[in-house]
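Contents: one structure, followed by commentary.
The values are calculated or read from the model by the stated rules, or taken from the named source; none is laboratory data. Source: prediction; values computed, not measured. Positions of Cβ are generated from backbone atoms using ideal geometry, with glycine treated the same way; all protein chains shown enter the neighbour counts. Heads up: the accessible areas ignore ligands, DNA and RNA and are worked out on the full protein's heavy atoms, side chains in. Shrake-Rupley method; radii C 1.70, N 1.55, O 1.52, S 1.80 Å.
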Amino acid sequence: MAKPVPPRRWHRFRVIFRGCRITVLLIILALVGFALYLDKVGLPDFVKDPLVEKLHERGLDLQFSRLRWRPSHGIVAENVFFGRTNDLTSPQLTVKEVQLQLDYAALLKRQIQVDSLQLRQGQLTWPVVSTNEPARTLKIENIQTELQLLTNDVWELDNLQATFGGANIQLSGAITNASAVRSWKYFHGKPAAPGTLQARLRRLSDTLEQIHFSTPPNLKLDVRGDALKMENMAVQLHIQAPAADTAWGTASGFNCYVVLSPPRSNQLSRAEINFRAKDATTRWAATTNLAFTVHLFSTPEDTNIIHAELELTADAAQSRSNHAENIHLAGQWFHSLTNPIPLSGEGQLQGSNVVTEWGTARQFEVSATLLLPTNAPATNANWAWWTKLAPYPITLECGARQVHAAKLDLEEIAASGRWLAPELTVEKVSAKLYGGKLDAGAQLNVATRAVTFDVTSDFDGKKIAPLLTPMAQNWLANYSWNKPPHIQAGGSLVLPSEIWTNRHPDWRGELRPTLFLNGQFHVENGAFRGVQALTTDSHFTYSNMCWRLPDLVAVRPEGRLNLIHTSDERTKDFYFQLHSTISPLALRPLLDTNQMRVFEFFSLTKPPVIDGEIRGRWHDHETINGKARVMVTNFTVRGSTAESFAADLQYTNRVLTLIQPHVQIATTQQLSADMVKLVFDERRIYVTNGFSTAEPM
C-alpha cells in the first residue's frame, strides 16, 4: 500500500501548478490581445516596413489604408490603391482586400518571404473626360484572383476573374523576371500629345456603348513569358459569345482564338487568330458559318517583315442582291512591321452558285499575285485612281463556268493578266459560248490611253446581238450562216481623254477616229440578205473610219465572186470592184417583186462573166455610178436563144449605157450597135448605129 503524500509537499505542488496555469493563461491572454491588436489596429511599423520593402523588391508597390493580421486569413492589406492620387484622369486600381500568404518556415528563420497575394473585390477605373459631354468611366469590376510570388522572381496568376463591358473575363499566366515589369517602356515611354490618350478612351467608350450581348460573353486570357524578353511572350485569348449586336452588325455563336507563340528555332514571334461565327451580318454583307484563320510570323532574316497567311471559308454570303455559296479564300503576303499594306503576296478566291445583279455563275475562281514594289513611273492628274495602283505590280487569273446574264451565256471563261504601271495587259481571255470559242488578248497604256488587242472567234455572233448597238444589230441582221464564221483580227485604239475622270465620255466622237482593225474571216454556208454562198473569205482593215475588203471571195455552186470594197464612214462614199461568174438569179432575194419580173424574160445555161466597178454615196442614189464588162453565152430571151452577148456598161445619173453591144444569135445572125442608152426617168431606149442580120421574130 502506497504511502500518503505529506501535506507540506502537496501544498507546494499545488502552488507550482497554480503559478504555471496563471502564466499560461497570461501568455494566452497576451497572444489574444496581440492578435486583437493586429486585427483591429494593424501591424506595427517594425513588421510592416520590412514587409512593404520586400514587396517592393518583388516589383509590387502597395498603397493601403491598413495592414493587419487576421487569424483566419493571415496578413491582409485593406483598401489597396494603385495609381496617381493627384491625377484625376489616370487609371486607378482599388482592391478592398489583398491577402498576403507568408512562408512561415522562412519566417522562423527571421526571413520575410511572401508566397502569394489574393485579391478580393478589385476595381480598375479610368475616367473619360469630354469637354462638351458628361463624364464617363471605363470600369473593370469584381476583380478576384491569386498572385503567387514564387522563388527566382516568378509571378504566377491563377484564374483572375472580372467583368468589363458586359463580358466575363478570366486571366491566368506566369511571368519570370517579374520585377522587371515596372521598367517596361510602356510605363515610362515618351508621353503622347496632350489629349491623345483621352481621345482613344472616348472612342473605346463609344464603341462599348454600341455593343450589346444577349448573354454575357466569356473572355479567357493566358499570358506566359519572360519580362526581360517581351518578344518571347506566349499569349492565348479565347472569346466566346452566344450573340452580339453592334453598330457594325450582328453575330451569333461566335468563337475567337488568338494565340501568340514563342519563336521557333528558325522564326521569331508567331501569332494565330481563329474566328468562327454561325451567322454574321454587317451593313456590307451577311454570312453563314463563317470561319477564318490568320497566321502572322517573322523570320530571323528580316525581323521588320511580317509573313501573313489567311484562310477564310463560309457556307454562304449575301450582299444586297449578290449571293454566293461555298466561299473559300486563301492568301499569304508580306508586310512591314509598322505598315499593314502588303509588300508582296498571293491569294485565291473560290465560290459556287453566284448570283449578282449582272448574272449568275455555277462556279468561279480568282487568283492574284502582288509582286514586290517597283519604282513607279511619274503620274499626273489624268491617271485619276490609277495613281494609287501605280507602285503595286499585280498578276491576275480568273475563271467561271456556266455563266448566265440577261444578254450573254457562257459555258466557260478564263482570263489572265498583269499590271505593271503604266501597262495593263490582258494576256489571255478564253471563252466557250454558243457552240464556239473566243480567244483574245489586249494591252492598255494608262498614260497614253492606247489599247492594242487581238481576237480569234468561231462562235455564233448573232447570239450576242443584244449586247450591240442598234446600228450594229441592223448591220448584223443582213447576214446568216449554218456554221458560225471564223474571225481572226487585231487592232488598236485610243480611249477618250476623259475616260478615267468622266462617267460619260464621248465614246463615238473620240474613239472611232482612232480605231484600227486588221484581220480576216471565213464563212461556210452563209448568206447576205438571203444570197447564199458555199464559202466566203476575205481580209479586212478599218482605219481612219474607212473599211477595206481587198480580196473578198464568195463561192457558189455555179461560180464565184471576187470583190474589192472600200467604205468611208465620214463621207459615206463606197467603192466596189468585182469579177463575177455567178448567176444573176442568185440575186433575186435582194430585189423586190417588180424588179424580179426581169428574170422572167430570159434564162441562162451558163453564168455570165462580169468585170466591173461601182462607186457612190450610201443612201444617195443620185451619186451611184459604175462601169462593167459583161459576157454571156448560151442564153434565152423570151424563148429565143442566143449564142453570146458582150458589151461594156456604164451607169450614171440613172442612165444605163451599153457601149458596142454585140449579140450572136446564130452563125450568120447577129445584132450590134455603137451605143444603146436606157434612160430610166424617161422610160426610153436610144440606139446609135444599130445593125442586125437576124431574122425578124
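Note on Asp648 and Glu498: their simple-model spin labels are 5.6 nm apart, each label 7 Å out from Cα toward Cβ.
Local charge for Glu141 was computed over the other residues whose Cβ lies under 13 Å away, with Lys and Arg +1 and Asp and Glu -1, and equals +3. Accessible area per residue for segment 357-505, computed on protein heavy atoms with a 1.4 Å probe, is 59 Å².
The stretch between Gln488 and Ser344, if pulled fully straight at 0.36 nm per residue, gains 48.1 nm over its current Cα-Cα span.
Percent of C-alpha pairs per 5 Å bin in segment 481-636, short distances first: 2, 8, 12, 16, 18, 15, 11, 7, 5, 3, 2, 1, 0, 0.
If R0 equals 22 Å, the separation of the Cβ atoms of Val609 and Gln532 corresponds to a calculated FRET efficiency of about 0.60. Structure note, pairs Lys606/Lys627; Lys229/Lys388; Lys388/Lys432: Cα-Cα distances above 32 angstrom occur for Lys229/Lys388; Lys388/Lys432. Of the accessible area of segment 291-355, computed with a 1.4 Å probe over protein heavy atoms only, carbon and sulfur atoms account for 58 percent. Calculate, for Ile273 and Arg588, the FRET efficiency according to 1/(1 + (r/R0)^6) with r their C-beta to C-beta distance and R0 60 Å; round to the nearest 0.05. That pair, Ile273 with Arg588, gives E of 0.20.
Its residue count N fixes a reference of 2.2 N^0.38 Å for segment 428-493, and the Cα radius of gyration divided by that reference is 1.27.
Each Cα pair of segment 604-652 feeds into the Kirkwood radius, which the Stokes-Einstein equation turns, at 10 °C and 1.306 mPa s, into a diffusion coefficient of 128 µm²/s.
What is the extension gain from Leu329 to His621, computed as 0.36 nm multiplied by their sequence separation minus the C-alpha to C-alpha distance, in nm to one decimal? Provide the component values of the computation, followed by the final result.
Working: separation 292, 0.36 × 292 = 105.12 nm, distance 6.36 nm.
Length gained between Leu329 and His621: 98.8 nm.
Which FRET efficiency value, to the nearest 0.05, do you get for Arg401 and Lys463 by plugging their Cβ-Cβ distance into 1/(1 + (r/R0)^6) with R0 = 25 Å?
About 0.85, to the nearest 0.05.
On the accessible surface of segment 459-505, probed at 1.4 Å, how many percent belong to carbon and sulfur atoms? C and S fraction of accessible area: 58 percent. Rolling a 1.4 Å probe across the protein heavy atoms gives segment 613-678 an accessible surface of 61 Å² per residue. One decimal place: the segment Leu408-Ser336 gains 21.5 nm when fully extended, by the rule 0.36 nm per residue minus the C-alpha distance. With the simple spin-label model, which puts each label point 7 Å out from Cα in the Cβ direction, the Ala291 to Asn634 separation comes to 8.3 nm. Cross-link pairs exceeding 18 Å between alpha carbons, from the set Lys463/Lys483; Lys437/Lys463; Lys407/Lys428; Lys437/Lys462: Lys407/Lys428.
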